[in-house]
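Report on the following structure.
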Amino acid sequence: MTDHTSRLPGFAQASREERIGILAERLGGNAEALQLFDNLGPIEGGLVDRLIENAIGVMPVPLGLATNMIVDGEEMLVPMATEESSVIAAVCNSAKRCRDTGGFFTSYSGSLTIAQVQLCGLSDPRNARAQILGRTDEIRALCDEVDPQLTSLGGGLREVDVRLVEARSGTMVIVHLVVDTLDAMGANAVNSMAERVAPVLAGWTGARPLLRILSNLADRRLTRARAVWPADQIGGPEVVEAMLLGAEFAEADPYRATTHNKGIMNGISAVVLATGNDTRAIESGAHAYAAHGGQYGPLTHWEKTAEGDLAGTIELPLSLGIVGGATRVHPVAQLSLKILGADSAEKLARITAAVGLAQNFGALRALATDGIQKGHMALHAQNVAIAAGAEGDEIEAVAAGLRAHSRVTEAEARKLLDDLRKD
Ligand code: MEV
């Protein structure tokens, strides 16, 4: 494709079929390979085009169910969308091991979403701050006018905060609109409010209004989960001690904390994706929150109870919605919410946090005992078999051979496949 231009005039206006035709031409007339794009699974063609621009098809990601979860006393099946093997198995396994202590217990700080308005060029930022804070009622009226439906349901502006942020060009006045967006993720509502309010704030203060956008550091929308794993359910006191040391490593070292949190997000992002929510918003918020103490740290903490059991806690911002966006229109997202019984953004957030904690337990236990590769590679063996060219029944036969030899490599899979085919 390198000798072609990437300018494709009219591509955006073309139908999806026409776009595939254009792409086929670019691939040297290889339309056959593009037949993959005919299969949209449970999505109807018009929806793909409404969701994104220049659509050519879909990228299916496996959707699985995590079993064994009990969240706040309720038995749960949790749909998770992920391409990574062993993520769902880890949640099932971890959740099973804390059932005797009641599973996961959660709390939620509320659905407060922050929008920021940047005001520049003021020589008297403190004066501006005082002016703005003195007119909170007027700001509330303006914001609530923007989304009367939200207001009628009990949501709307809750607080105005004004921060003075020292930047290279001088002091910026940053106004935070703190809005209860109820069951919505809330980006559209708060962005519209910020855009409505910005020129008014500028008029009052003489500032130059610039950016008006929500903040993904959703620290007014925190979700917490906790669970206790009995020592005898996880391999005894030595495993408890080893897991505590592993967790301490993440507290002390950002290199480890990043991987520790990546594992947590394996679980969280899979639920977020399955429910049609914004994975990037959740990821950026989580990682920023992980650094809120000044040094990047773990999102979970692990302690030993007086009885010698392992207690885990997680706290992170989770801006999730069950109305609006892809969640509302994507049939798989709708079905996922139904399976979860998530009738509020709050419930969805509570379950999601519990999954993050379960995921971290699973990773930490594996790392502190056998190492991650044993379980991971056992599950990954089928992918490796497929990559080596195995088909149909050959896949499991080659995967079984890989597991038996504990050498899960493509070269080994090719060798096993050759032997199989010779037989
Ligand atoms: C792999 O996707 C996730 C882990 O690296 C997480 C961790 O190290 O805690 C296993």
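Please calculate how many Å² of accessible area the chain carries per residue, with a 1.4 Å probe and no DNA, RNA or ligand atoms counted. Provide the component values of the computation, followed by the final result.
Details: 20780 Å² over 423 residues.
For the chain, the solvent-accessible area averages 49 Å² per residue.
Charge dipole of the stretch 112-214 (Cα centre as origin; +1 on each Lys and Arg Cβ, -1 on each Asp and Glu Cβ, all else neutral): 440 debye, rounded to the nearest 20. Considering only G389, G263, G312, the mean-square fluctuation computed in a Gaussian network model of the chain, springs between alpha carbons under 10 angstrom, is largest for G389.
GNM on the chain, alpha-carbon springs under 10 angstrom: the most fluctuating residue among H287, H405, H176 is H405.
Subtracting the Cα-Cα distance from 0.36 nm times the residue separation, let me have the gained length for D100 to D232 in nm, one decimal.
Details: separation 132, 0.36 × 132 = 47.52 nm, distance 1.10 nm.
46.4 nm is the gain from fully extending D100 to D232.
At 1.4 Å probe size, put S109, S406 in order of accessible surface, largest to smallest. Mind dumping the intermediate values first?
On the way: S109 55, S406 100 Å².
From most exposed to least exposed: S406, S109.
Each DSSP beta bridge with both residues in the chain is either parallel or antiparallel, and the antiparallel ones are about 95%.
Which residue, K374, K262, K96, tops the fluctuation ranking in a GNM of the chain built on C-alpha contacts under 10 Å? The residue that fluctuates most here is K374.
Return the carbon/sulfur percentage of the accessible area of the stretch 112-214, one whole number, probe 1.4 Å, all protein chains in place. Answer for the stretch 112-214: carbon and sulfur cover 48 percent of the accessible area. In the stretch 349-378, whose amide N lies under 20 Å from the spot 7 Å out along Cα-to-Cβ of A387? List them in ranges. Correct set: 372-378.
A crude spin-label estimate for the pair L27 and D49, with each label 7 Å from Cα along the Cβ direction, gives 2.1 nm. Between T259 and S406, the contour length at 0.36 nm per residue exceeds the alpha carbon distance by 50.5 nm.
Charging the Cβ of each Asp and Glu at -1 and of each Lys and Arg at +1, and nothing else, the dipole of the chain about its Cα centre rounds to 960 debye.
Indicate the gyration tensor shape class of the chain (rounded, prolate or oblate), computed on the Cα atoms with a ≥ b ≥ c the square roots of the eigenvalues: a/c under 1.5 is rounded; otherwise a/b larger than b/c is prolate and the rest oblate.
On the way: a/c = 2.09, a/b = 1.30, b/c = 1.62.
Oblate, because a/c is 1.5 or more while a/b does not exceed b/c.
Ratio of Rg to Rh for the stretch 1-60: 0.97 [Cα atoms; Kirkwood radius as inverse mean 1/r over pairs]. The charge dipole of the stretch 374-422, taken about its Cα centre with unit charges on the Cβ atoms of Lys, Arg (+1), Asp and Glu (-1) only, comes to about 220 debye.
Here each label is just a point 7 Å from Cα along the line to Cβ, and for T67 and D38 those points are 3.7 nm apart. The stretch 359-374 and the stretch 282-338 have their alpha-carbon centroids 20 Å apart.
If I take R0 = 56 Å and measure r between the Cβ atoms of S107 and D419 in this structure, what FRET efficiency does the formula 1/(1 + (r/R0)^6) give, to the nearest 0.05?
On the way: r = 56 Å, r/R0 = 1.00.
For S107 and D419, the calculated efficiency is 0.50.
Helix content alone sets the calculated 222 nm mean residue ellipticity of the chain: runs of n ≥ 4 DSSP H residues at -39500 (n - 2.57) each, divided across all residues, give -15000 deg cm²/dmol. Computed extension length for A291-S344: 16.2 nm, one decimal, from 0.36 nm per residue of separation with the Cα-Cα distance subtracted. As a fraction of the 1.4 Å probe accessible area of the stretch 374-422, surface on carbon and sulfur atoms comes out at 54 percent.
All C-alpha pair distances within the stretch 180-219, sorted into 10 Å bins from zero, spread as 29, 44, 24, 3 percent across the bins. When the listed pairs K262/K415; K338/K374; K96/K262; K96/K415 are checked against a 28 Å cut-off, the alpha-carbon distance exceeds it for K262/K415; K338/K374; K96/K415.
The values are calculated or read from the model by the stated rules, or taken from the named source; none is laboratory data. Remember, it's a predicted structure, so these values are computed and weren't measured experimentally. Cβ coordinates were reconstructed from backbone atoms using ideal geometry, including for glycine residues, and neighbour counts include every protein chain displayed. Just so you know, the surface numbers come from the protein's heavy atoms only, side chains and all, with ligands and any DNA or RNA stripped out. Shrake-Rupley method; radii C 1.70, N 1.55, O 1.52, S 1.80 Å.
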